[in-house]
Structure formats: C-alpha cells, structure tokens
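> Next up is a structure, given as structure tokens.
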Amino acid sequence: MNIFYFFKELGTPMYQWQRIHFIDELGRGGHHIITFNPLDYPSTDEANEKLISVIKDTEDIDLFMNCDDSSVLYPETMKEINKMGIPSLLICWDNLELPYKHKSIAPLFDMVWITSVETKYLFERWGCKNIIFQSFAANPYVFKPCWGKPISKVGFIGSPYGSRVNKLNDLLASGIYCDVFSDSLFNIGYNTSLGKVQQFDPLDVCIKAIRYMRFPIGRKVLYSTIKNKLMKKTDLCSESKFLTKYKSVSDDEMVGLYSDLALSLNITELRDTYILKKPVNKTHLRAFEIPMCGGLQLASYTEELSEYFKDGKEIVLYHSKEEMVDKAKFYLDKKNESLVNLMKKAARARAEKEHTWTRRFNEVFKICK
C-alpha cells in the first residue's frame, strides 16, 4: 500500500509519536509512506498549492491520509484531491475532546477514523461516510519487553496535570511509592509534549472554551477544569517522601521502565474530570504502550479497557480511589511479584495479538479495496 500522509510535524513527542508508532510499523510491513509537512513551506497557502503538484507528480498513491483540520489542509485543496480519485482517510486522534476542529473538512473524506466513539453522532450529523471507530495501538517492534531488575513502585511517565495530579496525590497520600518522569517537575510551566514552557494565551483559552460549550462532553471538561482550579488541589505533592522525581526519559528508557515497574499508572480520565462523580474517560496511547512493553498498567475501570485486556489477568482495573490504593498495595507487595510477572507476559501477548497498528490499518485497507 502506497500511503501519502499530510500532517503538520514538529520535533516534539506530541507529533513524533506517529513516526515511532504506525509509520515505522507499517514500513516494516512493506507499506510505503510518503509524508508531507506543511511547515516546510513559508505559508499554509503555499503548502496547499505545493501539495496538489506533489500528489500529481507521485505515482500510484493508494491512500491519501490526513489528521489536521481545515486551517492546515484547506477544504478547497481536499476537493481537488477528490477529483483525482484517490481514496482518502481522515484520522481524528482527539475527536472526544475536539470534534469540531474537523467539522468542515471531515465530510470531504471517503473514510473517517475516530478514536473515541462518544462523538460519532456528530460526524454522522455532518454527513461523514465510512466512520471507523478504532482506538490507538502500539508498535511491537519498538515497544518490546526488556525485563530486568523489578522496580516495586507505581510509575508515571508524562506531564502531571489535571486528573493526573489528583490521582498521583491520592496514591502518595496513602503511602504508596511513586516515580514520576517529566521535565515539567523541574521547570515551572514546562509542557513535555510541546517541548517548551507553555504560555498563557487568553485568546486561545476563549476559543477552546467556546468549542467546549458546543457539546455535552466539552461542557463537562470545562466545568471540571473550573471546579478543580477553585478547589486549589491541582499541584503535585512534590515534597512527599513517597515521591521520586526524574527528568523526562527517551523512548528506549521508557520501554525499559514500563517493563520493570511493578505498576505503570495509566490515566483514562480526561483532563480534570477525575474530580467528577462520572468522569469523561479516554483511551490513550499509554493503554497499549505499557502492555506492549511487557508492563502492567493500573487504570480506572472503563468498559472499553475491559474489552481490550482482562482485568486481573492482563491489567489492573479499579472502580474507586479506595480500590486503586488497595490494588496498588497488593501488586507492589514482594510476595506477589511472580503474579505480576505472569500478568506482564499475558499483557504483552494480548497486545501483540490484537493491538498493533497493522491490525488497525488493515480495517482501513479493507474499505480501500
């Protein structure tokens, strides 16, 4: 399959994960992926103009793929691509939280891949066809077990904010040892995904607030953010004797940590919604990276996660803060180390069998044919 992938690409984890995940895996599987980065051009206008000529000069494109919105890939440009008769796919990585960013461009694609089913009704309302719901996955060639010396702690790799902070604080307050890996712990305001200190932009905040107000899930996210700020409990308990802070780690180091940590914390609650009686849950990359590395993840129960991995066999799920603490203590107990190791191996086997990018994209390729 020859795939032409248009996506705005910066050299930060927020963008580069796509290369180490599905671009690498599909390439190993014999697929050829050409990437087109609009940031390589002086302006968005010029990038859109160049895109058309590059596609015309490229032979045998089996699939045109995009994940950006209409401010980056213009609807007029997409209409020109449609005239060429090339099958097209829009991937909406954040359709749970930001569905409206793709409203004007989504109906122009032959297929729309959403990673959260909750906002599917919006895409149907906008006239989209061939809506495919599939979650994320993990590259088995990059994320592979390298079990070494066990680390009897709960680990979290990523920026601690929103629900992540609340959950880590609950574990620390219960005397559970946690390791957190993020440059943001040493640089106030630093966003690991963005690779820089995040600046407060009032206009950007207003635009996002307006977007959130347009649908039920967005309103819950907005309400919980305001409520959490007012509660003034959004700071990580950095001085806790149970917390060890580390700088951000490389992909190779992350694989090793997921393999060796007794438990790796997976946050499913979206942003600050952890504080609500009924949080908004989203399945992220971490849900598949951890088990693919031969790690054992600790996550709040969601029906979706329970379908991907067997609770108590391949994953540790909980329904309340109290159950989270109790299960963390149980699996961190040295007496249960052999059980943890068995669960890690089972988690890797399930991930390798059912949650690869090859498996996900094969569902797309079936429609292309």
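The values are calculated or read from the model by the stated rules, or taken from the named source; none is laboratory data. Since the model is a prediction, treat every value here as computed from it, not as a measurement. Ideal geometry is used to build each Cβ from the backbone, glycine not excepted, and the neighbour counts take in all protein chains shown. For accessibility, only protein heavy atoms count, side chains too; no ligands or nucleic acids. Shrake-Rupley method; radii C 1.70, N 1.55, O 1.52, S 1.80 Å.
> Out of residues 5 or more away from Gln297 or on other chains, whose amide H comes under 5 Å of its own, with H placed 1.01 Å from N in the peptide plane?
Ser264, Val316
> Please compute P(r) over all alpha-carbon pairs of segment 15-174, binned at 10 Å starting from zero, and give each bin as a whole-number percent.
8, 29, 32, 18, 9, 3, 0
> Give, to the nearest whole percent, the P(r) tail of the chain beyond 32 angstrom, counting all Cα pairs. Let's see the in-between values first.
On the way: 23543 of 67896 pairs.
Everything past 32 Å amounts to 35 percent.
> Whenever you get a sec, compute what percent of the accessible area on segment 280-331 sits on carbon and sulfur atoms (1.4 Å probe).
On the way: 900 of 1890 Å².
The computed percentage sits at 48.
> Among DSSP beta bridges lying fully in the chain, give the percent that are antiparallel, nearest 5.
Rounded to the nearest five, the antiparallel share is 10 percent.
> In addition: State in Å² the accessible area per residue of the chain; use a 1.4 Å probe, count heavy atoms of protein chains only, and round to the nearest integer.
Values: 17290 Å² over 369 residues.
Per residue, the chain has 47 Å² of solvent-accessible surface.
> Between helix 251-260 and the chain, what is the angle of the helix's C-alpha long axis to the longest principal axis, kept within 0 to 90° and rounded to the nearest 10?
Computed tilt is about 40 degrees.
> What do you get for Rg/Rh of segment 228-369 when both radii come from the Cα atoms and Rh is the Kirkwood radius?
Numbers: Rg = 16.7 Å, Rh = 16.7 Å.
So for segment 228-369, dividing Rg by the Kirkwood Rh gives 1.00.
> On to the next question. Any chance you could get the radius of gyration and Dmax over the Cα atoms of segment 284-342, in Å?
Rg, Dmax (Cα atoms, Å): 11.2, 31.
> On each of the three principal axes of the Cα atoms of segment 1-92, give max minus min coordinate, whole Å, ordered largest first.
32, 29, 22
> For segment 1-88, give the magnitude of the charge dipole about the Cα centre (Cβ charges: +1 Lys/Arg, -1 Asp/Glu; no others), in debye to the nearest 20.
Here the size comes out at about 160 debye.
> Among Asp179, Asp333, Asp110, which one shows the highest mean-square fluctuation when the chain is modelled as a Gaussian network with alpha-carbon springs under 10 Å?
Comparing Asp179, Asp333, Asp110 in a Gaussian network model of the chain, the most mobile one is Asp333.
> Report the Cα-based extents of segment 45-132 along its three principal axes, largest first, to the nearest Å.
39, 25, 18
> Starting from the Cα of Asp326, step 7 Å along the direction of its Cβ; do the same at Glu307; then give the gap between the two resulting points in nm.
2.8
> Note down the magnitude of the dipole of the chain about its Cα centre, charges +1 on Lys and Arg C-beta and -1 on Asp and Glu C-beta and zero elsewhere, to the nearest 20 debye.
Numbers: 51 positive and 47 negative charges, 272 e Å.
Roughly 1300 debye for the chain.
> What's the carbon and sulfur percent of segment 71-174's accessible surface, probe 1.4 angstrom, rounded to a whole number? Numbers along the way, then the final one.
Numbers: 1990 of 3850 Å².
Using a 1.4 Å probe with all protein chains present, segment 71-174 comes out at 52 percent carbon and sulfur.
> In whole Hz, what ³J(HN,Hα) sequence does segment 286-291 give by Karplus (6.51, -1.76, 1.60; θ = phi - 60°), x for Gly and Pro?
Rounded to whole hertz, the list is 4, 5, 10, 5, 4, x.
> Check the straight Cα-Cα distances from Lys56 and name the lysines below 26 Å, setting aside those fewer than 8 residues away within the same chain.
By straight Cα distance, Lys56 reaches Lys8, Lys79, Lys83, Lys129, Lys366, Lys369.
> Too long at a 24 Å Cα-Cα cut-off: which of Lys247/Lys345; Lys120/Lys220; Lys120/Lys229; Lys245/Lys345; Lys101/Lys220; Lys144/Lys310?
On the way: Lys247/Lys345 28 Å; Lys120/Lys220 17 Å; Lys120/Lys229 30 Å; Lys245/Lys345 28 Å; Lys101/Lys220 18 Å; Lys144/Lys310 20 Å.
Going by Cα-Cα distance, Lys247/Lys345; Lys120/Lys229; Lys245/Lys345 fall outside the 24 Å limit.
> Here's another thing I want to ask about it. Quickly estimate the mean residue ellipticity at 222 nm for the chain, helices only: each DSSP H run with n ≥ 4 gives -39500 (n - 2.57), and the total goes over all residues, rounded to 500.
Working: 14 runs with 143 residues, N = 369.
My calculation for the chain gives -11500 deg cm²/dmol from helical runs alone.
> Right, another one. In whole Å, how far is the Cα centre of segment 78-94 from that of segment 250-265?
Between the Cα centres of segment 78-94 and segment 250-265 lies a distance of 37 Å.
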